[in-house]
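Only one structure is covered here, and it is reproduced in the block below.
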Amino acid sequence: MKDKPQGLLISPIKDGTVIDHIRAGAALTVLRVLGITGQTDEELSIATNVTSMTGGQEGRKDIVKVSKRELLKEEVDRIALISPHATINIIRDYIVVEKKGVEIPKHLSGIVRCTNAGCITNANEPIKSSFEVTEAGLHCLYCDTVITTDIESHII
Amino acid sequence: MKHIISIKDFGREEIDSLLARAGAIDAAPQIRQTLAGKQVALLFFEPSTRTRMSFASAVSRLGGTTITVDSVEGSSISKGETLADTVRVVSSYVDAIVLRHPKEGAARLASEFASVPVINAGDGAGQHPSQTLLDLYTIRQSMPLEGIHIGLLGDLRYGRTAHSLAYALSNYDVTLHTIAPPTLELPESLVAELHRRGCTVQEHEDITSLIPELDVIYATRIQRERFPDAASYYNVGESYRITPEILEGHKDGMIVLHPLPRAGEIDPRVDAMPCARYFEQARNGVPVRMAMLEEVF
Ligand SMILES: Nc1ncnc2c1ncn2[C@@H]1O[C@H](COP(=O)(O)OP(=O)(O)OP(=O)(O)O)[C@@H](O)[C@H]1O
Ligand SMILES: [Mg+2]
Ligand SMILES: [Zn+2]
């Protein structure tokens with residue numbers, strides 16, 4: 001076993017995932033979309049509003065560290081919507097073995113709830129919501145609503 | 001299998017060819033037999049007598065028959081069946097489904113579960129492609145669509161017929177003039193989309209000075225429930241009413257359209273003027289819907 005690395009804010013994990021460079025204040029939303037609550041049994045550390053250096057600029061960020069869990073693509077897609085600059089670090093035996101950015105996919109299926117109460121995707125029908133990601137925002141392929149603001153609070 | 005769900009699914013060539021087909025049907029009004037032996041379900045989850053009658057007329061003029069479901073009460077729907085299931089089952093009885101539904105996107109959903117063509121006859125505040133196509137058809141009876149100046153008047157915020165018509169016209173090089181009461185303007189997102197599609201959109205406060213420029217006036221219904229009180233509704237109604245006096249100085253060949261039913265938006269004295277085309281427009285629903293039916297069969 002390696003020595004505990006220096007300078008970490010929170011204790012190291014052996015195997016799991018570190019979601020780094022989360023927009024400051026958004027860690028709790030990340031937990032929500034990962035389905036992590038006080039009732040679930042992951043070993044978890046969260047840091048919010050910590051100082052970080054990105055591109056030579058000092059700023060603030062959140063970090064979420066989850067043991068014994070690697071993320072599914074849909075989970076990474078949800079994180080991308082919350083925080084497009086987040087990085088996903090896969091930790092194995094205390095070491096970062098893989099680091100990747102997140103990317104909002106061109107199409108979101110079952111990831112965001114349509115804001116239009118009259119949309120058929122909000123009725124009790126056997127379909128998933130379906131959005132095309134455009135410059136203007138998220139475009140519902142059923143009702144044509146375009147979600148432009150506060151997208152993260154509509155993530156399912 | 002072809003469905004007709006949204007005017008946005010139509011390119012310019014498809015619009016042109018459908019309107020040309022409607023024109024051919026109109027020119028030879030004898031019974032056509034394109035739907036002989038075919039049954040069409042008119043599945044109306046929301047009352048709309050005119051649309052339903054005009055689709056029924058279109059089917060029968062093509063030699064087909066209709067089965068109508070227009071009462072939600074007592075049907076499986078009130079027992080909580082999903083639209084998806086209803087459509088799957090109805091598909092096995094008929095050769096096509098014409099659907100009217102209060103939820104936006106219902107027709108898209110139906111097309112995903114139906115095993116026969118689906119035609120959208122209006123889904124809530126969403127799409128109503130047959131209305132848009134008959135609006136275009138009526139304009140084209142009087143003038144080419146290319147290059148016209150059209151004034152959209154009334155409730156442009158909630159008026160879906162105006163939205164869809166504006167979108168469809170952005171396939172042509174038109175100038176859209178909008179005249180709407182405060183808070184009932186065309187949604188900004190739609191204006192942005194129209195701009196992206198190369199359309200010129202000009203907002204105006206008052207129609208009077210605009211009249212000599214317009215080729216088409218498209219008036220839409222202004223609903224009482226959009227206003228806080230009767231007085232402000234009355235005031236808006238007064239200043240947005242089309243009258244023979246307002247129309248003075250209009251271009252030769254200018255036409256006035258309205259999706260009907262009208263409330264007070266058009267003075268009945270306009271009815272006798274040659275520019276009044278709204279009853280013709282309603283009549284055009286039949287050949288246009290016949291063309292749509294032929295398109296999916
Ligand atoms: N074993 C571990 N347990 C917990 N956190 C760890 C572990 N190893 C690395 N991390 C955290 O994972 C993130 C990525 O680690 P890395 O060593 O790649 O840092 P970095 O070089 O600063 O990366 P970046 O350029 O992405 O900021 C950091 O926040 C780091 O503190
Ligand atoms: Mg770092
Ligand atoms: Zn929607």
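See the values below:
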item: Relative contact order (%) - chain A, alpha-carbon pairs under 8 angstrom, separation at least six; result: 22
item: Relative contact order computed over chain B (Cα-Cα under 8 Å; 6+ residues apart), in percent; result: 20
item: Cα Rg, Dmax (largest Cα-Cα span) when computed across the range A:107-154, Å; result: 9.7, 30
item: Spacing of the two label points (7 Å from each Cα toward its C-beta) at B:LEU260 and B:ASP173, in nm; result: 3.5
item: R0 of 22 Å, Cβ-Cβ distance A:GLU58-A:VAL96: FRET efficiency to nearest 0.05; result: 0.45
item: Positions from the range B:77-107 whose accessible area shrinks by 30 Å² or more when the full protein complex is built, not the chain alone, probe 1.4 Å; result: B:THR82, B:LYS103, B:GLU104, B:GLY105
item: Whole-angstrom gap from the range A:37-55 to the range B:187-258, using each part's C-alpha centre; result: 55
item: Extended-chain gain in nm, criterion 0.36 nm per residue less alpha-carbon gap, A:GLU103 and A:ASN124; result: 4.5 nm
item: Share, in percent, of DSSP beta bridges within the protein assembly as shown that are antiparallel, nearest 5; result: 50
item: Distance cut-off 34 Å, percentage of C-alpha pairs in the protein assembly as shown lying past it; result: 47
item: Within the range A:16-101: Cβ-based charge dipole about Cα centre, in debye rounded to nearest 20 (Lys, Arg +1; Asp, Glu -1); result: 180
item: Label point at B:GLN33 placed 7 Å out along Cα→Cβ; residues across the range B:254-294 whose backbone nitrogen lies under 20 Å; result: B:290-291, B:293-294
item: Residues along the range A:123-145 losing 50 Å² or more of accessible surface when the other protein chains are present rather than the chain by itself (probe 1.4 Å); result: A:GLU125, A:PRO126, A:TYR142, A:ASP144
item: Potential extension, B:ALA24-B:VAL89 segment - 0.36 nm per residue separation minus Cα distance; result: 19.9 nm
item: FRET E, pair B:GLU295, B:GLU225, Förster distance 30 Å, beta-carbon r, rounded to 0.05; result: 0.25
item: Segment B:ARG50-B:GLU14, length gained on full extension (0.36 nm per residue, minus Cα span); result: 10.4 nm
item: Residues in the range A:100-120 that, when all protein chains are in place, have 30 Å² or more less accessible area than the chain alone would give (probe 1.4 Å); result: A:GLY118, A:ILE120
item: Spatially close lysines, pair count over chain B: Cα under 24 Å, gap of eight or more or interchain; result: 4
item: Gap separating the Cα centres of the range B:80-130 and the range B:1-48, nearest whole Å; result: 15
item: Chain B, helix-only ellipticity at 222 nm - DSSP H runs n ≥ 4, -39,500 (n - 2.57), divided by all residues, nearest 500; result: -11000 deg cm²/dmol
item: Simple label model, 7 Å out from Cα along Cβ direction - B:TYR234 to B:SER209, nm; result: 2.9
item: Most mobile of B:GLU225, B:GLU238, B:GLU185 in a GNM of chain B (Cα contacts under 10 Å); result: B:GLU225
item: Average accessible surface area per residue within the range A:107-154, 1.4 Å rolling probe, Å²; result: 47
item: Computed P(r) (all Cα pairs; chain A; 5 Å bins; percent); result: 2, 9, 17, 19, 18, 14, 10, 7, 3, 2, 1, 0
item: Within the accessible area of the protein assembly as shown (1.4 Å probe), percent carbon and sulfur; result: 50
item: Interface area, B with A, accessible, probe 1.4 Å, both sides summed, Å² nearest 100; result: 1100
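The values are calculated or read from the model by the stated rules, or taken from the named source; none is laboratory data. Every value quoted in this text rests on a predicted model; they were computed, and no experiment measured them. For neighbour counting, all protein chains shown are included, and Cβ atoms are generated from backbone atoms with ideal geometry for every residue, glycine included. When the accessible area is computed, the model is the full protein with side chains, heavy atoms only, and any ligands, DNA or RNA have been set aside. Shrake-Rupley method; radii C 1.70, N 1.55, O 1.52, S 1.80 Å.
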